[in-house]
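Single-structure report; data block below.
Read the figures in this text as sums done on the coordinates, not as results from a lab. The structure presented is a predicted model; accordingly, all values stated were derived computationally and were not measured. Here the Cβ positions follow ideal geometry from the backbone for every residue, glycine too, while neighbour counts run over all protein chains shown.
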Amino acid sequence: DVGCGAGNLILAYLELIGKEKAYNLISNGNLYLYDVDEIALGICKYTIAIKYGKELLNKINAKHCDFLSKKVKLPKNSKVISNPPYYKILNIGEDWDVTKVVIDSKELYSSFIEKIIKQSNKSVIITPYSFIGSGKFYSLRQVMNNYNGFVVSFDNVPGNIFNGRKHGIFNSNKGNSVRS
């Protein structure tokens, strides 16, 4: 989970695959969490360990880092889930790979998506449609097409991915979901 925060998305995924599969994924050292917020990352890591077994605490790969740093690499053949941060890029990091997507969009969200797509085997990324559909994200759409070539889009993401209820003027789904 890239940009895992306190872990709502990864916890929903682990719940979805079931306790045994989740335990095996973690115990085999195949769970990686990335976040720049050290406190949120710690909360995520400890919440997972409390739920699936405290003995797994040292098996969870929690990376406190700037994900866009060139030094940060996803594991080979990784499968990624993410709900990257919504934030305008005010200053480009000194050690970032300054790509056309970074320059065109000036958004962390699309920059995360680009890096995830380039480095992962497969990915599921929650994103508002506007981040994919507007003109400043044209270069991101090119990257999506060139690397994966297969994009599935859903109008609403249902279920318990987020705690609480999401409200938005265009969200017709009244359940716990987000327009994507």
Amide proton proximity set for SER123, modelled H, under 5 Å, gap of 5+: VAL80
Would you list, by chain and number, the lysines whose Cα falls below 25 Å from the Cα of LYS115, excluding same-chain residues fewer than 8 positions away? LYS45, LYS59, LYS63, LYS70, LYS71, LYS73, LYS76, LYS79, LYS88, LYS100, LYS106, LYS136
Using label points projected 7 Å from each Cα along Cα→Cβ, tell me how many nm separate TYR87 and THR47, to one decimal. 1.8
Relative to the present Cα-Cα distance, how much length would full extension add between SER78 and LEU16 at 0.36 nm per residue of separation? 20.5 nm
Karplus-derived 3J(HN,Hα) from phi for the range 97-112 (6.51 cos²θ - 1.76 cosθ + 1.60, θ = phi - 60°), whole Hz, x at Gly and Pro, runs 7, 7, 9, 4, 4, 4, 5, 5, 8, 6, 10, 4, 4, 5, 5, 4
Test of understanding: extend the Cα→C-beta vector of SER27 to 7 Å, then name every residue of the range 40-78 with backbone N under 13 Å from that spot. 52-57, 59
Given the C-alpha centroids of the range 63-103 and the range 4-32, what is the distance between them in whole angstrom? 22
Qualifying trypsin sites (Lys or Arg not before Pro) in the range 83-127, DSSP loop, other Cβ atoms within 10 Å at most 15: LYS106
Taking amide hydrogens as modeled 1.01 Å from N in the peptide plane, which residues meet the under 5 Å criterion relative to LYS63, leaving out close sequence neighbours? LEU33, TYR34, ASP35
